[in-house]
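Before any comments, here is the structure.
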Amino acid sequence: MDINNSTVSGNIQAVMELLQQGGVEDPTLTSEANDNDSPDVSKYVVLVHGDLGTGERLQTAQLRRSIESTSWNHLQHVIFIPGLFHLKMACADALWRCFIYPSTVRTKQASCVMLRNYAREKPVSTRRSLAFIRCTSLLAMQGFNSLKDFAHSKPTLDDLKAMAEEITRMYVATSQFRRMCRKQEKERDLQFENAILLNKYFLLYEELSYALNSGDVGHVEASIISWIPILKAIGKHKYATHMTNFLYNVHFVYSLGLRHAIRYHILVNLTGRPMKWRAVDWCVELNNLFTKVKNGGKNSNRSVERIILESPLVQPCAT
C-alpha cells in the first residue's frame, strides 16, 4: 500500500488497510452483509507498535474521531505501544549528547572521546588489557597477582557477586556521588568523578540492552524508570512523557488482561534462541531495510511501484 504515514489521515488509512488485510473490518458493515468471517473487534483491542510520531498521529486521530457514534469509527480499539528499539536509540542519543557532542567534554581528561583516542594510540594487546585494569587492581587488593591465579582459586558465585558489588561501589557513581561533589575543590578529583559518572550511564544503557535481549519485560520496565529523568534532562521531553504515560497506563489504567497482553507482546523472539529477543519496531525496521534499501532496486528501477511489487518476496533474516 502506497500511503503517506507522515500525516494523521495517512496513519488512519494505514491502520484500516492493515486490519482489512487481516480480515478485520467495520462490524456494522459486516453484520449488514452477513459476513461471519470478519470478527467483531468492538470488544477487543489491536496493539499498534511504532515510534513516537506514529503514536502522536494515532492519538490525534482518536481525538478527531471522538465525536463519532461507533467505537470503530473513533478508533477505540487501537492501543499504541511505543517501540522499545526507538527508545534504545533515544538512550544512545542521550549518551552522545552528554559525553560526546559538547565541545567542552571532548577535551577533558577521562572523557569518552579521550579514552577512545588513548585506546586507538595503543597496540591491540594494550587495548584489550584496558578493560581489565580495574579488575586486576581489585584482584591485587584481594591478594592475587593475576587473573590466572584468581581462576585457580575457583571462586564461587557468591565471591564473584561480592567482587562485582565492590567494583560498583568503587568505580560507579552511587548515592554518595553528590556528597563527593560537595567537597572543597582542592579535595575533589574531577577526572575520577567524570569517569564514575560515565560508567553509571553506560551501565544503564548496557542494562537496558541486556534486558531487551533476554526478554525480561519487568527488567525492561525497571530500566525505563531510570532513563525517564535522563531523557527529560537532555531535552527529549516527548520520550520522557510517552514512556511515563505508557508505564502508568500499563500498571494503573489498563485491565489485568490488557496489561498481560501488552507485556507479553512488547518483545518477540523470531529465532527461539536465548538472548535473541527483539522489540517489535526493530522487526519493522529490519523489514524496511531489506524492502527499501537492499532490495529496493537502483537507478531507474528504484520506484515505489517496484518496491511494492517485490515486497511480498522479501524475507528478512532475523538475528
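Throughout, read-outs are computed from the coordinates displayed, never taken from laboratory work. Keep in mind that this is a model prediction, so the values were computed, not measured. Here Cβ is always computed from backbone atoms with ideal geometry, including for glycine, and neighbour counts include all displayed protein chains.
Quick one: length gained pulling Lys200 to Tyr171 fully straight, 0.36 nm per residue minus the C-alpha distance?
On the way: separation 29, 0.36 × 29 = 10.44 nm, distance 0.86 nm.
Fully extending the segment from Lys200 to Tyr171 adds 9.6 nm.
Over the residues of segment 138-213, compute the C-alpha Rg and express it relative to 2.2 N^0.38 Å.
Values: Rg = 15.7 Å, N = 76, 2.2 N^0.38 = 11.4 Å.
Its radius of gyration relative to the 2.2 N^0.38 Å reference: 1.38.
Once amide H atoms are built 1.01 Å from N in the peptide plane, which residues 5 or more positions from Val46, or in another chain, come under 5 Å H to H?
Amide H neighbours of Val46, under 5 Å, 5+ apart: Val78, Ile79.
Using the Karplus equation 6.51 cos²θ - 1.76 cosθ + 1.60 (θ = phi - 60°), what ³J(HN,Hα) coupling, rounded to whole Hz, does each residue of segment 264-279 give in order, writing x for Gly and Pro?
Couplings: 8, 10, 7, 10, 9, 10, 6, 9, x, 9, x, 6, 10, 6, 9, 5 Hz.
Report the local net charge at Ala92: Lys and Arg +1, Asp and Glu -1, summed over other residues whose C-beta lies under 14 Å from its C-beta. Mind dumping the intermediate values first?
On the way: positive: Lys88, Arg97, Lys236; negative: Asp93, Glu206, Glu207.
Here the count lands on 0.
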